[in-house]
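Trainee: Take a look at the following structure, please.
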Amino acid sequence: MADYVYIENYSKYGVMGISRRVFETIAQTATNRVKGATVSANKSRLFTLHRPIQAILHSNGLVDIRIDVAIKSGVNVSEVCLKIQEEVANSLMAMTEMVPFNINIKVASIQ
């Protein structure tokens, strides 16, 4: 797993690298903007820390975003998940421009 996505022809002065933490922060901010859902809390497990948002960077430049969310009781789960995917996709396109990505949502709990 790579730590950065490098964009080669960004400018004539060199390459630009975007960290996986940047993708995770963008996804968290976008998810929290959607009504009816919040990002699940960090969970500490034996020897590991489970992160509710994971950005996995592949060597071919593809970014997989995995988001664990808590959905409010009484809302349509599929509509909220679709809104989260759209919001995260729009935010990633606006901030990173040309990086290809997949967004996977996992409903971890109902509040």
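Quick note: the coordinates plus some simple rules give every number you see, no bench work behind them. Since the structure is predicted, the reported quantities are computational estimates derived from the model, not experimental observations. So basically every Cβ, Gly included, is an ideal-geometry build from the backbone, and we count neighbours across all protein chains shown.
Trainee: Treating only the Cβ of Lys, Arg, Asp and Glu as charged (+1, +1, -1, -1), what charge dipole size does the range 4-110 show about its Cα centre? Round to the nearest 20 debye. Walk me through the numbers before you get to the answer.
Mentor: Details: 12 positive and 8 negative charges, 81 e Å.
Dipole about the Cα centre, nearest 20: 380 debye.
Trainee: Taking the chain as the reference, fit the longest principal axis to its C-alpha atoms, fit the long axis of helix 77-96 to the helix C-alpha atoms, and give the angle between the two in degrees, 0 to 90, nearest 10.
Mentor: On a 0 to 90 degree scale, this one is about 20.
Trainee: Then there is this: Let me know the number of lysine pairs in the chain closer than 25 Å at the Cα, not counting same-chain pairs under 8 apart.
Mentor: Qualifying lysine pairs in the chain: 10.
Trainee: Give me the Kirkwood hydrodynamic radius of the chain in Å, from all C-alpha pairs, to one decimal place?
Mentor: On the way: mean 1/r = 0.0677 Å⁻¹.
Averaging 1/r across every pair of different Cα atoms and inverting gives 14.8 Å.
Trainee: What stretch of the chain, leaving out the sites themselves, is the longest with no chymotrypsin sites (Phe, Trp or Tyr not before Pro) in a DSSP loop having at most 12 other Cβ atoms within 10 Å?
Mentor: Values: sites that count: TYR13, PHE47.
After excluding every exposed loop site, the longest remaining stretch is 48-111.
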